[in-house]
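Structure first, commentary second.
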Amino acid sequence: MDLLTSLVIAVGLAMDAFAVSLGIGTTKVASSPRPVFRISFHMGFFQGFMTFLGWLAGSTVASLIASVDHWVALFLLGFVGIRMIRSGLDPNTESHKDDPSRGGTLLMVCIATSIDAMAVGLSMAMLEVNILFSSLLIGVITLGLSLFGLLAGKRLGECFGKRMEVLGGFLLNGIGLRILFSHLF
């Protein structure tokens with residue numbers, strides 16, 4: 001597989017992580033470098049690792065996961081999205097009681113956005129590509145786009161306040177539905 005093809009695949013896989021990062025960035029989480037790095041790093045790590053895991057797993061495990069991966073992504077993104085919408089609509093709460101750059105919320109978002117990378121990893125196993133290079137490239141591109149999404153979301157959040165958090169929640173739910181519909185149809 002040539003470099004251009006690898007880059008296109010990496011950017012395609014990173015787009016969900018970018019969109020989710022944009023939504024998370026609208027909250028006050030992106031106000032300091034540490035959580036921004038933590039989210040970006042984990043998004044990139046999970047995207048690259050899931051690609052490698054898909055390659056490693058082979059056709060047996062991937063075919064078992066393929067029947068439910070879209071439902072898992074819908075549930076995880078929907079859960080986080082609904083929490084963001086509720087927080088954005090409640091005038092008495094500060095944005096995000098639970099820090100999305102830590103713990104279970106971060107894990108849910110990372111898994112939900114990287115499930116498709118496992119299927120890509122499986123297809124790469126069939127094409128006999130250099131999986132270490134491809135996984136690393138996918139991880140680095142995802143890290144960069146997630147960082148950009150968080151910083152752009154921060155600017156939008158500063159301009160439009162909690163309304164952007166509601167929009168970010170709807171965005172997460174929309175991504176979950178897009179994943180579901182793309183697998184069902």
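Coordinate-derived values only; no laboratory data. These figures come from a predicted structure and were not determined experimentally. So basically every Cβ, Gly included, is an ideal-geometry build from the backbone, and we count neighbours across all protein chains shown.
Within region 1-28, whose backbone N sits under 11 Å from a point 7 Å along Cα→Cβ of residue 127?
1-10
Not counting the cut sites, what is the longest span of the chain without trypsin sites (Lys or Arg not before Pro) that DSSP labels loop and that have at most 15 other Cβ atoms within 10 Å?
In the chain, the maximal stretch lacking such sites is 1-96.
For the chain, what is the convex hull volume of its Cα atoms per residue in Å³?
Expressed per residue, the convex hull around the Cα atoms of the chain is 104 Å³.
Please give the length that would be gained between residue 170 and residue 111 if that part of the chain were fully extended, namely 0.36 nm times their separation in residues minus their C-alpha to C-alpha distance (nm, one decimal).
Working: separation 59, 0.36 × 59 = 21.24 nm, distance 1.87 nm.
Once the chain is fully extended between residue 170 and residue 111, it gains 19.4 nm.
Would you calculate, for the chain, the mean residue ellipticity at 222 nm contributed by helices, counting each DSSP H stretch of 4 or more residues as -39,500 (n - 2.57) and dividing by all residues, to the nearest 500? Intermediate values should be presented prior to the final figure.
Values: 6 runs with 156 residues, N = 185.
The helix-only estimate for the chain comes to -30000 deg cm²/dmol at 222 nm.
Using only C-alpha atoms and all pairs of different ones, pull out the Kirkwood radius for region 81-181 in Å with one decimal.
Kirkwood radius, region 81-181: 15.5 Å.
Go ahead and run the numbers for FRET between residue 148 and residue 56, Cβ-Cβ distance against an R0 of 22 Å, rounding to 0.05.
0.15
When the chain is treated as a GNM, springs tying every alpha-carbon pair under 10 Å, which of 133, 52, 75 comes out with the largest mean-square fluctuation?
133
Report, in debye and to the nearest 20, how large the dipole of the chain comes out about its Cα centre when Lys and Arg carry +1 and Asp and Glu carry -1 on their Cβ.
580 debye
Which loop-located GluC sites (Glu not before Pro) does region 96-171 contain, where loop means any DSSP state but H, G, I, E or B and the Cβ has at most 16 other Cβ atoms within 10 Å?
Answer in residue order: 128.
Pick out, from 43, 101, 136, the residue whose Cα sits farthest towards the positive end of the charge dipole of the chain, with +1 on the Cβ of Lys and Arg and -1 on the Cβ of Asp and Glu.
101
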